[in-house]
There are 2 protein chains.
Amino acid sequence: MPSCKAASGFEQAIAVMRPYRALLFDVFGTVVDWFGSVSAELRASGLALDPVAFTQAWRRGYGPAMQQVRSGELPWTNIDGLHRRILDGLLAENGLVPGRDLSEAQAADLNRAWHRLAPWPDSVDGITRLKRRFVVAPLSNGNVSLLVDLARHGGLPWDAIFSAELFGHYKPDPETYLGACRLLGLQPAQVLMVAAHPSDLRGAAAAGLATAYVPRPAEQGPGGMMEPWTAGEFDLVAHDFIDLASQLGA
Amino acid sequence: MPSCKAASGFEQAIAVMRPYRALLFDVFGTVVDWFGSVSAELRASGLALDPVAFTQAWRRGYGPAMQQVRSGELPWTNIDGLHRRILDGLLAENGLVPGRDLSEAQAADLNRAWHRLAPWPDSVDGITRLKRRFVVAPLSNGNVSLLVDLARHGGLPWDAIFSAELFGHYKPDPETYLGACRLLGLQPAQVLMVAAHPSDLRGAAAAGLATAYVPRPAEQGPGGMMEPWTAGEFDLVAHDFIDLASQLGA
């Protein structure tokens, strides 16, 4: 805020509307379209599998795999490693044997489809607008190198990269949200978590962060379901990042 | 490299010239001009002190303060905290008492001069060119929020922010260089450390990274000295980041 002149009524109203200093973004599904990108790569792979069902099953394996890490059943394993474990299981279920039906190099490359996910159409423009007024960074369970690759692939103009990998905990563990706030030198209430997933936002709210819900109804592909939520549960609800930028005066 | 067509001789030559995937940059003195920026803020502060000598003494306190952390004499303290310890000592030496000669808010703001350092004239253009071909990130002893502020202040287009703070060790401890390589998912030999300080590059080389020396003779201000080095000691020597980009075919 200017220190040497009085703020106008409009500026004051905007300042009240945006007490935040930084916005943290969930990435898979919130910023990027994993379903569209991964299913397209599977379709192009020439492998004898159903791209839609395979993509959905791959993603469904992700929560339980992270839970195995969160519970201590598995030692710390980054998302690349978890994606590969799930991929190998799904290939086997489909009767596809690495070394026979596809090369190890092809399997490794397929696993890196998660490094090449396309942003939603509003993501780059919305984050670019928000960056004018706020620090913008991902806070994702994806590992750092995956998030760097996604940013370079999609042109996401992040100020920093925050990942569960930095904290040795996966969201929604509080260590992730509080760790990002600490690295930013901010109080949790100065930080707005942006996500398409109510469960993620509830974890952020429990750690003291503000929350913005941006539903992405197409996230899961055909027949996909959305997590239930309650009106008034989150500080902000926006239908995309352009709308979020407008609501925040950015 | 393209997999489906033969590389031309020129492409092969460039590939040999740049086996690196990522470039890590020292920041204070290498990317930004701390002397020019801090001395200008001190000059503008109206405080009764010699801006040149005060700036140089502030920076001279930095190495010993980090050494106190590295040796365990001090618990982990980020650079904001170390800068403030040194500032308070220097203010006292100059007979300036916070609360009497300057407000606590002014002292805190002065300490944040290190968040507002201007890039060298070639920094933004050079890093922007290098980013086309390589992942580019700082690897600095500065804390994360300081590095984010510097990037936003100067328009530095980093892909990620790597700080000693993430590793609980200051450079030249090997944990810093190896930690950044691990987060990038790269072998140390795939990563080029860029710095104006031979001691930093020697730490990187000891950890297995490649090294690029970019001397910044004006770094220390009037009468400033440069660390000695030996011809042939580093993998690359460039006179600025534009020259570095050209040498790396970026």
**OP:** Partner chain Cβ atoms within 10 Å, averaged over the residues of B:143-150 - can you pull that number for me?
**Re:** 5
Subject >> Prolate/oblate/rounded call for chain A, Cα gyration tensor, a/c under 1.5 rounded >> reply: prolate
**OP:** Assign one of three labels to the stretch A:162-250, namely rounded, prolate or oblate, based on the Cα gyration tensor with a ≥ b ≥ c the square roots of its eigenvalues; rounded applies when a/c is under 1.5, prolate when it is not and a/b is larger than b/c, and oblate otherwise.
**Re:** oblate
Original post:
How much of the DSSP beta bridge set in chain B is antiparallel, as a percent to the nearest 5?
Top reply: 5 percent
Original post:
Considering only DSSP beta bridges with both partners in the protein assembly as shown, what is the antiparallel share in %, to the nearest 5?
Top reply: 5 percent
Subject >> Separation in nanometres of the label points that stand 7 Å from Cα toward Cβ, at residue A:246 and residue A:128 >> reply: 1.8 nm
Subject >> Selection from A:205, B:53, B:64 lying farthest towards where the dipole of the protein assembly as shown points positive, charges on Cβ >> reply: B:53
Original post:
Which value, in debye to the nearest 20, gives the size of the charge dipole of the stretch B:35-115 about its Cα centre, when Lys and Arg are +1 and Asp and Glu are -1 at the Cβ?
Top reply: 200 debye
Original post:
Which residues in the stretch A:59-82 place their backbone N less than 19 Å from a point set 7 Å from the Cα of residue A:109 along the Cα-to-Cβ direction?
Top reply: none
Original post:
For residue B:103, which inter-copy label distances result when the label point lies 7 Å beyond Cα on the Cα-to-Cβ vector, reported in nm to one decimal and in ascending order?
Top reply: 6.7
Subject >> Calculated FRET efficiency for the pair residue B:92/residue A:239, C-beta based, R₀ 60 Å, to 0.05 >> reply: 0.60
Subject >> Net charge of Cβ neighbours under 15 Å - reference residue B:139; Lys, Arg +1; Asp, Glu -1 >> reply: -2
Original post:
What is the order of B:32, B:38, fewest Cβ neighbours within 10 Å to most?
Top reply: B:38, B:32
Subject >> Net charge over other residues, Cβ less than 13 angstrom from the Cβ of residue A:32 (K, R count +1; D, E count -1) >> reply: -1
**OP:** Answer rounded, prolate or oblate for the protein assembly as shown, using the Cα gyration tensor with square roots of eigenvalues a ≥ b ≥ c: rounded when a/c is under 1.5, else prolate when a/b is larger than b/c, else oblate.
**Re:** oblate
Subject >> Calculated label separations, residue B:228, copies of the chain, 7 Å along the beta-carbon direction, nm >> reply: 7.5
Subject >> Cβ-derived FRET efficiency at R0 45 Å, residue A:227 paired with residue B:231, nearest 0.05 >> reply: 0.15
**OP:** Apply the membrane-span-like helix rule to chain A: whole DSSP H runs, Cα extent along the own long axis of at least 20 Å, mean Kyte-Doolittle hydropathy at least 1.0. List the helices found.
**Re:** none
Subject >> Amide hydrogen neighbours beyond the local backbone of residue B:163, cut-off 5 Å, H modeled >> reply: B:140
Original post:
So how do A:171, A:131 line up by other beta-carbon neighbours within 10 Å, fewest first?
Top reply: A:131, A:171
**OP:** For each of A:80, B:33, count neighbouring Cβ atoms within 10 Å of the residue's Cβ, then give the residues from fewest to most.
**Re:** A:80, B:33
**OP:** In whole angstrom, note down how far apart the Cα centers of the stretch A:130-175 and the stretch A:179-235 are.
**Re:** 14 Å
**OP:** For every other residue with a beta carbon closer than 13 angstrom to the beta carbon of residue A:49, add +1 if it is Lys or Arg and -1 if Asp or Glu, then tell me the sum.
**Re:** -3
Original post:
So what is the relative contact order for chain A, in percent, with contacts set as C-alpha pairs under 8 Å and at least six apart?
Top reply: 25 percent
Original post:
residue B:118 label point, 7 Å along Cα→Cβ, cut-off 14 Å on backbone N: hits in the stretch B:21-54?
Top reply: B:32-44
Subject >> Low-density loop positions, GluC sites (Glu not before Pro), the stretch A:159-246 - DSSP coil, at most 16 other Cβ in 10 Å >> reply: A:233
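Every number in this text was worked out from the coordinates using simple rules, so none of it is lab data. Here the structure is a predicted model, which means the values were calculated and not measured. A quick note on method: Cβ atoms are made from the backbone with ideal geometry, for glycine too, and the neighbour counts reach across all protein chains shown.
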